[in-house]
Amino acid sequence: QVQVVESGGGLVQPGGSLRLSCAASRSILSLYGMAWYRQVQGDQREMIARIYNGGRTSYADSVKGRFTISRDIVKNTVYLQMNSLKPEDTAVYYCEAEQGGNIYWGQGTQVTVSS
């Protein structure tokens, strides 16, 4: 069992930056990987960034070059640094952890990009 808790969402102007955090209840090195998803009401949840156990990362084309996923092994926390934010980045952002074939979700954090 893994619990993950997101934080760091909020309101930001277009072109601004935010950093989201996802704290895991166990060592993130024991997990297959962790990822950030986002969801706009009425749409499917979209994977935007993933970091694997070995440190390899992958990104959705929509955020490549603007968002960076990273981790702090000591704090068991994964981060999503979001730069050059656009109104279309507005969504609820979810953290996902994968371990032993099971998927665990956080409660989500709202990010709103608006002037």
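Things to note:
- Relative contact order [Cα under 8 Å, 6+ residues apart], the chain, whole percent: 37
- In order through segment 54-69: 3J(HN,Hα) via Karplus (6.51 cos²θ - 1.76 cosθ + 1.60), integer Hz, x for Gly, Pro: x, x, 5, 10, 8, 9, 6, 4, 5, 10, 4, x, 10, 10, 9, 9
- For the chain, projected area of the alpha-carbon convex hull averaged over all directions, nm²: 6.7
- Charge context of Arg45, other residues only, Cβ under 15 angstrom, K/R +1, D/E -1: -4
- Net charge of neighbours whose Cβ lies under 9 Å from the Cβ of Val111, counting Lys and Arg as +1 and Asp and Glu as -1: 0
- Principal axis extents of the Cα atoms in segment 1-56, from largest to smallest and rounded to whole angstrom, are 36, 23, 22.
- Legend: residues Leu80, Leu11, sorted from most to least accessible area (1.4 Å probe; ligands, DNA and RNA excluded), read Leu11, Leu80.
- For chymotrypsin sites (Phe, Trp or Tyr not before Pro), the sites in segment 1-69 that DSSP calls loop and that have at most 14 other Cβ atoms within 10 Å are Tyr32.
The values are calculated or read from the model by the stated rules, or taken from the named source; none is laboratory data. Every value quoted in this text rests on a predicted model; they were computed, and no experiment measured them. Every residue, glycine among them, receives a Cβ derived from its backbone with ideal geometry; neighbour counts consider all protein chains shown. Side chains included, ligands, DNA and RNA excluded: accessible areas come from the protein's heavy atoms. Shrake-Rupley method; radii C 1.70, N 1.55, O 1.52, S 1.80 Å.
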